[in-house]
Amino acid sequence: MKKCHVVYLVCTAAMIGTGLGAAPASSAPMTHVVKPGESIQKAVDAAESGDTVLVTPGTYHESVKVSTPGLTLRGMGRETILEPGTEKAAANTCAEGGNGICVTGTKGKNVKGVTVADLTVTGFTRAGLYSTATDGLTVRNVTAVKNGVWGIAQEQSVHGIFRGNAALDNGDAGIFLANTITAEKGAADTEGTVVARNLLKGNRIGVTVRRLRNLAVAANNITGNCAGVFVVGDENKPKAGDLVVRDNHVVGNNKSCPKTERLDALQGSGIVLTGTEKVLVADNKVRENSGKSPLSGGIVLFKSFVGVTSEKNEVKGNSLRDNSPADLVNTETAATGKNNTFEGNTCGASKPAGLC
């Protein structure tokens, strides 16, 4: 891994919340207050860059699309709740896609400096919060619960900050980050996206990072999922990697999830790297992840299902115990995966033996 990326990402994880990526405020920003029975979307449409749309506690049956740079959409805590609306209310592309909140730029221009904070999104058929073509999106203190696919999802974006959120009981990943969802392409550079201090519980996968580079997954509490963290690559270039997974608590991810078209059945996977390069997995506490899936174990290096090897990854300084079939699992062989290293880890058992 490039040293500059490691240092940058670790420092970024320590400094999140300092306003990275925020758009400059206008000279006279306004706060648009929304009360139960009123339309959040109308307030968003009326707001300008630098304004805040403040949504008071209550349940709002609508989806909301944000495309104004520098806008803040903020509730007043978990009791500000967005749920799916009626067919008549669902007359926007965000609702039609089955999403709760959408933050979207255009094909040629990212929307910059949007913040979504302090609210709950629940019951949407696709994602609680979905974003694409964004630069510097901040999502903080959002509770995304029981959405059909993802709690919080982002693609084709840079400089994102996902901090202090709770993603609970979603159908796929609690937090899902990808280069692009619909196409097979090489890994994209997120330019320092950070996923930190989130609670990820009861999902299929806590955090999925798919075909991305240059980001940090740090200091999250990940428990009760079928799998904790997945970093996924494929046959395209550049490979997924050159990123950091560190200081996470990955405990008891033993929920059982059936096989899908793209992935084997999951249970008892802590942190999985598949088809990646130059990933640093460091200083995580990984324990009590147990299952009989090919991907089960504490920290697992797994040759991808399309045959791509994992290379030049570093697994160091992690504390592991009571994971099954082993604390450290490396399914790569000397003839396939190259230069993967395991150093300074505290653990009881490994497959093959000798990695602890």
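The values are calculated or read from the model by the stated rules, or taken from the named source; none is laboratory data. It should be emphasised that the depicted structure is a prediction, and the values quoted were computed from it without experimental measurement. Note: ideal-geometry Cβ built from the backbone for every residue, glycine included; neighbour counts use all protein chains shown. In case anyone asks, the SASA skips ligands and DNA or RNA and just uses the protein heavy atoms, side chains included. Shrake-Rupley method; radii C 1.70, N 1.55, O 1.52, S 1.80 Å.
Quick notes on this one:
- The set of residues from the range 288-312 being more than 16 Å from residue 255 (Cα to Cα) and part of a strand (DSSP E or B) comprises 299, 300, 301, 302, 311.
- Taking the numbered list (1) part of a loop (DSSP other than H, G, I, E, B); (2) more than 20 Å from the chain's Cα centre (by Cα) in turn, residue 315 passes all entries but (1).
- Given (1) outside any strand (DSSP E or B); (2) modelled with pLDDT of 95 or more, index of the condition residue 339 fails: (2)
- One residue alone among 285, 312 is free of Cβ contacts under 8 Å to residues at least 60 places away in the same chain and not hydroxyl-bearing (Ser, Thr, Tyr), and that residue is 285.
- Within the range 115-141, the set of residues being of a type in the set (A, V, I, L, M), part of a strand (DSSP E or B) and in contact (Cβ under 8 Å) with a residue 60 or more places away in the chain comprises just one member, 119.
- Test: residue 217 is closer than 22 Å to residue 143 by Cβ and either out of contact with any Gly (no Cβ under 9 Å at 6 or more places or on another chain) or in contact (Cβ under 8 Å) with a residue 60 or more places away in the chain (or both): yes
- Residue 228 vs. criteria over 16 Å from residue 286 (Cα atoms) and either surrounded by fewer than 24 Cβ atoms within 10 Å (Cβ to Cβ) or in contact with a Gly (Cβ under 9 Å, 6 or more places away or on another chain) (or both): no
- Being surrounded by 23 or more Cβ atoms within 10 Å (Cβ to Cβ), more than 23 Å from residue 236 (Cβ to Cβ) and among the hydroxyl-bearing types (Ser, Thr, Tyr) is a property that residue 350 lacks.
- Residues in the range 115-128 that are open to solvent by less than 30 Å² (accessible area, probe 1.4 Å), more than 15 Å from residue 60 (Cα to Cα) and not polar (S, T, N, Q): 116, 117, 127.
- Scanning the range 103-114 for residues that are open to solvent by 20 Å² or more (accessible area, probe 1.4 Å) and part of a strand (DSSP E or B) yields 104, 112.
- Scanning the range 255-287 for residues that are among the charged types (D, E, K, R) and part of a loop (DSSP other than H, G, I, E, B) gives 255, 259, 261, 262, 264, 283.
- Taken over the range 279-313, the criterion of being open to solvent by less than 60 Å² (accessible area, probe 1.4 Å), within 28 Å of residue 185 (Cα to Cα) and not polar (S, T, N, Q) is satisfied by 279, 280, 281, 282, 295, 299, 300, 301, 302, 307, 308, 311.
- From the list 275, 307, the lone residue that is of a type outside the set (Ser, Thr, Tyr), within 12 Å of residue 231 (Cβ to Cβ) and modelled with pLDDT under 95 is 275.
- Meets criteria (more than 20 Å from the chain's Cα centre (by Cα) and small (Gly, Ala, Ser)) for residue 269: no
- Of all residues assigned to the range 58-74, none qualifies as being out of contact with any strand residue (DSSP E or B) (no Cβ under 9 Å at 6 or more places or on another chain) and either in contact (Cβ under 8 Å) with a residue 40 or more places away in the chain or more than 22 Å from residue 156 (Cα to Cα) (or both).
- Pairs linking a residue in the range 151-164 that is within 13 Å of residue 111 (Cα to Cα) and open to solvent by 10 Å² or more (accessible area, probe 1.4 Å) to a residue that is of a type in the set (Asp, Glu) and at pLDDT 95 or above, with Cβ atoms under 9 Å and 6 or more positions apart or on different chains, are 157/135; 158/135; 158/189; 158/191; 159/135; 159/191.
- Those strands (runs of 3 or more DSSP E) of the range 148-251 in which at least 1 residues are closer than 17 Å to residue 278 by Cα, considering only elements entirely within it, cover 188-196, 205-210, 212-218, 227-232, 240-246.
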